[in-house]
Structures are given as structure tokens and as C-alpha cells.
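Notes for the one structure printed next.
Every read-out reported here was derived from the displayed coordinates using simple, explicitly stated rules and does not represent laboratory data. Quick caveat: nothing in here was measured; it's all calculated off a predicted structure. Backbone-built Cβ (ideal geometry, glycine too); neighbour counts: all protein chains shown.
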């Protein structure tokens, strides 16, 4: 199969009045333009270009992304194929257009014709559109294109080759600057797929999702030295999905998959679970449990121990030195404790949405859980995480949420010092609000020691290392987080942020664009505008910020900063006035106003507002040492003094 430019330059027709133009990348049906994003369109073009031939996933990756992107490209392919099938109304079980070749790739199977418009040679009557099947040109056949058309095709190919050579050179430069990847740990990897809710009540989704997350936690802590467990964010991509198990195993890089279902009534819970070895699709273990709901924690531990034992047995002779996992004492829950556990699962369900409203809902449920069972450590850990994040999401002063976050984290640790979530919550608080970098690092390391499979611990520790300027360590820790949660957009986006802080702007832009392909509105992707600004690409930065809502203070500040650096002083001043008026109506974090002054070149005011942020213990000061935003201030002794007080002096 050719890996060069597409061999067809004219509109392509297939199926029931579908027409795809390779140049404009527009897909139409009966003259009506259909909505299909860039990557699905490029993959569809590639499949059509190779009609009747197998197109492997590696070939798709090579054509669409190139190599070395930090995001999981397999998941992007799956999503793109789903979108293509949706717009074409193609059934994956009985395909008319795209056939899946299990474990290998895809094949376009529908008849294809090229709509070739005859060239105008002088003043002649309009020619009708000719339709001919797409096939390779044989030397002994009549040429399907005229000489003018062939010249146009030749020019197009030459131009494309030049672009590809330039892109390849840029890619090589990027590749050579990469941090070397981690060596394989040799651990067995397991994915717990979302437990299916068989209750018949959509309102019980939180319970089946909670069971999934609980099993991930139990298995992740059962034998972390030898077994890694994929995090919740990545496995939830497959909830209600149509992907086959081999495809999921390939995308997540796992050797074993646990799948199951939950059926629950008022007093009892029935759980079915089966463990599958992916190399030969062997069902190693299957069980069905019917227990009283109050015994759910005991049941989770029992399942985790049985699965660990089965995996150790399957690993064979070389692994027999591993000892069986000892049972963990789990109590039968009292009615109050079970209700608290139920409320905790609801809180986790909303916390995982990672929205302002979701965090507020989560806080409510975690508070209720703590009221029902004042000794329930995980409820307090959930509260600490929620309070620690909500200030960042709303832009409100840290003084409004930091005290609640600290109190909840300390209470959780008082109740259970072996809870990784509580240690990461405390680490985040002492880092962001106390600027106590040594304690934060100690707490992050303790959380990872307690559960090496805790993706959030690795993720937040990577960010901590980046703030300190330890970029090589940060990127390696970020890679550990990605291995445990390969489909997480926030982990991928924060990897792009680390690249931005380390002044690798091109790599940062490529990484964030990969995230935006999956979710164009993903909030953390906003770091891309900062990379654009540092490269002097003000038009691109402004185009990105145009989509940022006017009712978010950070959006107004970022626009004012960009306008100021771009020399658009009047627009920058307008944005600054809006921010100051906003701050008069309701208090916003002073750190939000700093970029506007930096963009306008008013360093005195920028430092004055940084001092206000310091007085309020703003979490935004964590980036002082590494964020290129502050480069214009670094020669000022007042800024260096502030760095020292925040604990980030050289």
C-alpha cells in the first residue's frame, strides 16, 4: 500500500449518494454536507485510497499522526472509526463500507468511483460528469486523465512531498529531543472493565461504576510489585462500547481483563465476574456471588484475592516464588456504615466528572457520608480532594476552600494513615497553599509507596516535580501515570504543560493538539495559547481564545495578556478594566489579574498583584519558577524575593 499522498485528487463517490472530496475533505450525501471531523475524514480517505486492501492500525497512525505522540492513538482510531460508521450508518456486525479485520486493522469494501470533471479546452459545450471505478492505472490501458489533469496531479504530489519532507524533518528534531521512555517494569497488567448495571435502573449506575472503581483499588493494592491495574478514567471509555476484548487489551496494553455485572436490590447484591487471559482468550476464572449488601466490602476483597491467585497460577513456573495475597480484614457493614459507603460512591461518581457542578455535588455526598459514619476515612479524603480542586476550577480565592481541604485531609489521615488518597490530598494542599515543597514531596512519595498503581498520585507528583524545574523526572513520572491511565486526557494535557514549562513549545503544541482532537473544549488544553504566545504566534493564540467564554475571569485575563504582547494596547486595556471592575463586584484570585499587566508591560503592577496573591496563599504561585509568563519579571529583585518566600529560589 502506498504511504505517499492520496492517489485520487477528484471527488470520490460510493454507496448511496455519498461523495468525498479529498481536497476540501468534505463528505456529502445527495449534495448535503455531513459533519465529520478531520481525523475521521483522513482515515476514511486512507481506507478508500486502499479499497479492498487491509489497512493496519500502524499505517493509520503513520499517515494521520506520525510517531511519538504521547496520547493513546489506538483510542483515537477507535473513536474515529465509530464516527465514520455513525455518519455512514454502517453496521460493524454487517458492514457495507468498513470491515474490521480482527487484531489487524480495517478494509474498505464498498464499490468506489471517481467523479472526474472533463477539462475545458476552448469554448465547448459543458461536459457531463464521468464516473469510473477507482483502480490502479495500467500501462497497457487507456489513460483515465488528460494531460492537463496529470500536470495538476503532478504539481499536487510535488507540493505534498515538499510538505511531508519538512514535516518529517521537524518530527526528527522533536524525536531526538524526547526524554527516553521508561523501561518496561515487567509487571503483569490488568484492566477491570466497567461492571454492567443489570438492575434495570439507570439511577444505580453510580453503584456499578463504584464497584468498578473499588475493584481497581483492591486489585491495584493487592500485589503492586508484580501487577499493574489500569485506572478508572481509561476503562470508563469502554462503558456501553462495542469494542471487542482483543482490541481493548491492545489499546490498554494489558494481558488480563476482568469483566462483570452487578444486580442490586434493597438488601442484596449479586455480582458476576470473569477473568480472561488475552493471549488465547482463555477464561481462567468465573464466579457468581449473591450476598447481603452489607457484606459488599468483604466480597470485593474476596474477589481481588481470588483473581490475584489465578493470575499468579497462570504465570507459571517462573513466578511460583510469589506468595498468595493475604486476606485483608474487611468488616461487615452496619446499616449506617453501608449507607455512608453508598453516599461515598455517589460522591466519587460526581467527583470523576471534574466539573464545578460535579465537584459541588461530590462535596454534598461526601459530607453526608461523613455524617452517617464519622469514622469513614475515605469520605474525608473525598472531601479533601474536592475542596482542593474546586478553587482551581472556579478561580475563587484559595482562602475560601483551603481550610476545609486541610481539615478533611488531616481527619482522613488521623482515621487511616495508610490511605493513599489522603496523602495525595494533603500533598496538594501543603504544596499549593503553604508552599511547603519538602512535605508535599514526602506525602506524594508516601501515597505512591502505599499504592504504586495510583495513577493520580503519579500524575500530581509529576506536576510537583515540574514546578521545581525537575523536568526529566517530571516527564518520567508523567509517563508512569499514562501507563496506568493511558486514555486520560488530563494526564495527557498536563504532559503538554510540562513540555511548555520546559520551553519545548513545539512538542507542547503537538501534545495539546492531540488532546484537542479528542475533546476540542477540554479546559486544560488552554495551555496551547501560552505556547503560541511564546512563539510569537499571536493570531493562533487569539483564534484559540476567541472560543473562551467572557464570563470566566481567566479567559478575559488571557486575552488581555495576548493583546498586550501583540501590540493591541486598546483591546488589552479594555480587558484589564473589565477584570478590575469584576474584582470590585466579587473577589477573584489576584493571580488572575497578573497576566494582563505583564502583557501590557506594567511590571510594577504585575508584582503588586503577585504580592496580593501571596498574601492570599494563591495556588497560582506554584508556577513562578518555571512558567515563561513570568520571564519579563525575573530580573527584578522584588520578584526574586517573592520566589524565595514561595520556596522556589534557585
Inset, instruction - Whole Å is fine, so just give me how far the alpha carbon centre of the range 201-275 lies from that of the range 348-389. - result: 22
Inset, instruction - Fewest Cβ neighbours within 10 Å first, please rank 600, 211 accordingly. - result: 600, 211
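With a/c under 1.5 counting as rounded, go ahead and sort the range 335-452 into rounded, prolate or oblate using the C-alpha gyration tensor (a ≥ b ≥ c being the square roots of the eigenvalues; past the cut-off, prolate if a/b is larger than b/c, else oblate).
oblate
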Inset, instruction - Can you tell me how much longer the chain between residue 414 and residue 96 gets when fully stretched, taken as 0.36 nm per residue apart minus their C-alpha distance, in nm with one decimal? - result: 108.4 nm
Legend entry - Ranked list, fewest to most other Cβ atoms within 10 Å of each Cβ, for 282, 233: 282, 233
Inset, instruction - List 265, 209 from most exposed to least, where exposure is judged by having the fewest other Cβ atoms within 10 Å. - result: 265, 209
